[in-house]
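Here the structure comes first, spelled out in structure tokens, and everything after it is commentary.
The values are calculated or read from the model by the stated rules, or taken from the named source; none is laboratory data. Worth saying up front: this structure is predicted, and the values here are computed from it rather than measured. Here the Cβ positions follow ideal geometry from the backbone for every residue, glycine too, while neighbour counts run over all protein chains shown. SASA here: full protein model, heavy atoms, side chains in, ligands and nucleic acids out. Shrake-Rupley method; radii C 1.70, N 1.55, O 1.52, S 1.80 Å.
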Amino acid sequence: MFFDSHAHYDDKKFKKDLDAIMKKIKEAGVDYVVNVGADVDTSLKSLELADQYDFIYASVGVHPHDVKDLMEEDIEKLYGMAATHDKVVAFGEIGLDYHYDYSPRELQKEWFVEQIELAKELELPIIVHSREASQDTYNILKDYKGNMFGGVIHCFSGSAELAKEYVKDDYYIGIGGVITFPNAKKTIEVVKEIPLDYLLIETDCPYLAPVPHRGQRNDSSNLKFIAEKIAELKGVSLEEVAEKTMANAKKLYGIQ
């Protein structure tokens, strides 16, 4: 029933009870999960999870926080992972993060572009992280044709106007637990304005648990709270949101 388009089950917070969590989310009606890499090690762990669980798929890439340590040989490793593993369905998460600036901004831009080009060479969609870097992210994606094989703006935090521009370029908009928060005015406006055809649901677990579990460890069983809020805002059924976001994710990630 549900497709979690962005999760991090490689996180150490799941280390002690991963099998139990996998059983829990299957029982909650989660049919697919994309486990998203943030560096070389977590990308490799995503592949291991995809091998271990039939409903998990993987993406590989390096998060902007970690590009300060990135080397060309790491890019070669990522290329090898994506080129040889049939359950790699995307390149990401890649992008820009100006909130923490853990990596210098110019370096973030350079590696963002290089990873976009790598995704195009591999003919994979991209999973884009953008925090307090809306204009630079948009400009880079526009200039380097990041949408050539599709993409999603993960955990979208920009304006409805910007979301519309992304949709014009055929990007999906990722909606997570933030939509349930009391101060989520911008995200609520985005969901109201963007057609369901361009929305994906995601947990970003173990982070960003939705209300009523805010502040707790998140997992894919909480997708229903995100879908319920979208259904409420759109004036449609939960089933319609689940079915449409499932179809959208399968289309983006090329899953039959």
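List of remarks:
- From the list 59, 43, the one residue that fits, being touching a residue at least 24 places away in the same chain (Cβ under 8 Å), crowded, with 19+ Cβ neighbours inside 10 Å, small (Gly, Ala, Ser) and in a helix (DSSP H, G or I), is 43.
- Filtered residues of region 106-115 (kept if open to solvent by less than 20 Å² (accessible area, probe 1.4 Å) and either closer than 13 Å to residue 78 by Cβ or touching a residue at least 60 places away in the same chain (Cβ under 8 Å) (or both)): 115
- Yes/no for residue 255 being under 28 Å from residue 23 (Cβ atoms) and of a type in the set (Val, Ile, Thr): yes
- Checked against (1) in contact (Cβ under 8 Å) with a residue 24 or more places away in the chain; (2) in a helix (DSSP H, G or I); (3) among the charged types (D, E, K, R), residue 228 passes all but condition (1).
- Cross-chain or 6+ apart pairs with Cβ under 8 Å, region 152-163 first and free of Cβ contacts under 8 Å to residues at least 40 places away in the same chain and within 12 Å of residue 95 (Cβ to Cβ), then assigned to a loop (DSSP other than H, G, I, E, B) and not basic (Lys, Arg): 153/171
- Unmet criterion (only one of (1) under 19 Å from residue 249 (Cβ atoms); (2) open to solvent by 30 Å² or more (accessible area, probe 1.4 Å)) for residue 9: (2)
- The set of residues from region 196-207 being assigned to a loop (DSSP other than H, G, I, E, B) and either open to solvent by 60 Å² or more (accessible area, probe 1.4 Å) or among the polar types (S, T, N, Q) (or both) comprises 203, 207.
- Residue 121 passes every criterion in (1) surrounded by fewer than 22 Cβ atoms within 10 Å (Cβ to Cβ); (2) touching a strand residue (DSSP E or B) at 6+ places or on another chain (Cβ under 9 Å); (3) within 30 Å of residue 54 (Cα to Cα) apart from (2).
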